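Novice: One structure coming up, written as C-alpha cells, with questions to follow.
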Amino acid sequence: MAHLIWTQQAFGDLEKICEFIAEDSESYARLFALKVIASIEKLKLFPRSGRMVPEINRAAIREILLGDYRIIYRIKGDEIQIISVYHSARILTASSILKKHKSSL
C-alpha cells in the first residue's frame, strides 16, 4: 500500500478552495473537502488510477478529476505526493507545476 504525502502547496490549495466555497455554504465546503480526501485515499491501493497530466506528459505525474477540479499527484516509489488541487478553468502549464516542485520532481 502506498503512503500519501501532501505538499504544502496542495494543502494550501484545498484550504483556499474550501474557504471560497464556505462563503456560500460551510456544509458544501466540508463535503468538498471530504470528497477530495476520499478520492486521494483510493490512491493508496490504486496509485496509477489517475490519468497522466497531458500538459506534463510524464508517467509519474498524474491527476484525478473531481468535478471542476484536478488533483495532481506524483508517484515516487511507494509514495504518492499530492502536488496541487487545481480548478480546471485555470490554465495549467508544466512550468507552473514543475517550478513549485522542481527539487522533488
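The values are calculated or read from the model by the stated rules, or taken from the named source; none is laboratory data. Bear in mind the structure is a predicted one, so any value in this text is a computation, not a measurement. Here the Cβ is made from the backbone with ideal geometry for all residues, glycine too, and neighbour counts use every protein chain on show.
Novice: Collect the residues in the range 8-30 that are under 16 Å from Ser88 (Cβ atoms), touching a residue at least 12 places away in the same chain (Cβ under 8 Å) and not hydrophobic (A, V, I, L, M, F, W, C), keeping them in residue-number order.
Specialist: Across the range 8-30, the qualifying residue is only Asp13.
Novice: Output the number of residues of the range 21-50 satisfying the condition of being loosely packed, with under 12 Cβ neighbours inside 10 Å and of a type in the set (Phe, Trp, Tyr).
Specialist: 1
Novice: Among the numbered conditions (1) assigned to a helix (DSSP H, G or I); (2) of a type in the set (A, V, I, L, M); (3) at pLDDT below 95, tell me where Ile17 comes up short.
Specialist: Condition (3) is where Ile17 drops out.
Novice: Considering the range 64-79 alone, what residues qualify as being surrounded by fewer than 22 Cβ atoms within 10 Å (Cβ to Cβ) and either touching a residue at least 40 places away in the same chain (Cβ under 8 Å) or touching a Cys at 6+ places or on another chain (Cβ under 8 Å) (or both)?
Specialist: Within the range 64-79, Ile75, Asp78, Glu79 meet the criteria.
Novice: Could you list, ordered by first residue, the pairs with Cβ atoms under 8 Å in which the first is in the range 31-54 and within 20 Å of Ile5 (Cβ to Cβ) and the second is exposed (fewer than 13 other Cβ atoms within 10 Å of the Cβ) and of a type in the set (Ser, Thr, Tyr), at least 6 apart or interchain?
Specialist: Filtered contacts from the range 31-54: Lys42/Ser49; Leu43/Ser49.
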